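First comes the structure, then the notes that go with it.
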Amino acid sequence: MFGEVPGFALTSHRGTAFDAEKELRGHIWVANFIFTNCAGPCPRMSSQMRQVQDGTADLPGVRMVSFTVDPKRDTPEVLAAYAQRHKAGERWTFLTGTMESLHHLKRNVFLLGNVDGELNHSTRFVLVDKQSRIRGFYDTSEPSSIRQLIADIGRLEKET
């Protein structure tokens, strides 16, 4: 265990309030940080998150959450179009909020660095269990990381 994810409230790509306690508690979930106009690793990471979505199709309780690091540009409408481009299903949510909230989550909760307006971000995925405990970090530049993440999700599902 690497820490616990406290409750948080942000806005989803569906334009609705997102309360982590209501939406995520009791679910295994995977988090990452992206921005929609990224020409670097974000499209790859979103494709990999789709692999997680597809690879856990037989586990309907698993959730995927992508947080933006560019809340000024990534409005719910922009995130919704991005979600559609990446074929995000109902289990995958894109979130935005204030720079301060996103910075706190990225740096202090998920231990992935700063959200500072520079549009830099980690390329790691974070695995969170049903009790909101961080259980693993996965470097998306490693070829086997997504396969390992999906396997670890399956193991966590059997634990509880």
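Could you tell me whether region 45-53 includes any residue that is outside any helix (DSSP H, G or I) and at pLDDT 95 or above? Within region 45-53, not a single residue is outside any helix (DSSP H, G or I) and at pLDDT 95 or above.
The strands (runs of 3 or more DSSP E) found entirely in region 54-160 that carry 3 or more residues being in contact with a helix residue (DSSP H, G or I) (Cβ under 7 Å, 6 or more places away or on another chain) and either over 15 Å from residue 44 (Cα atoms) or of a type outside the set (Val, Ile, Thr) (or both) are 63-68, 92-96, 134-139.
Take the residues in region 11-27 that are more than 14 Å from the chain's Cα centre (by Cα) and in a strand (DSSP E or B), then tell me which one is farthest from residue 153 (Cα to Cα). Here the answer is 17. Taken together, the criteria exclude residue 94 from residues that are at pLDDT below 95 and aromatic (Phe, Trp, Tyr). Suppose the filter is out of contact with any Leu (no Cβ under 8 Å at 6 or more places or on another chain) and small (Gly, Ala, Ser); does residue 97 pass it? Criteria not met by residue 97. Going through (1) in contact with a strand residue (DSSP E or B) (Cβ under 7 Å, 6 or more places away or on another chain); (2) surrounded by fewer than 22 Cβ atoms within 10 Å (Cβ to Cβ); (3) not acidic (Asp, Glu) one by one, residue 84 falls short only on (1).
The values are calculated or read from the model by the stated rules, or taken from the named source; none is laboratory data. Since we're looking at a predicted model, the values are computed, not measured. Every residue, glycine as well, gets a Cβ built from its backbone with ideal geometry; the counts of neighbours run over all protein chains shown.
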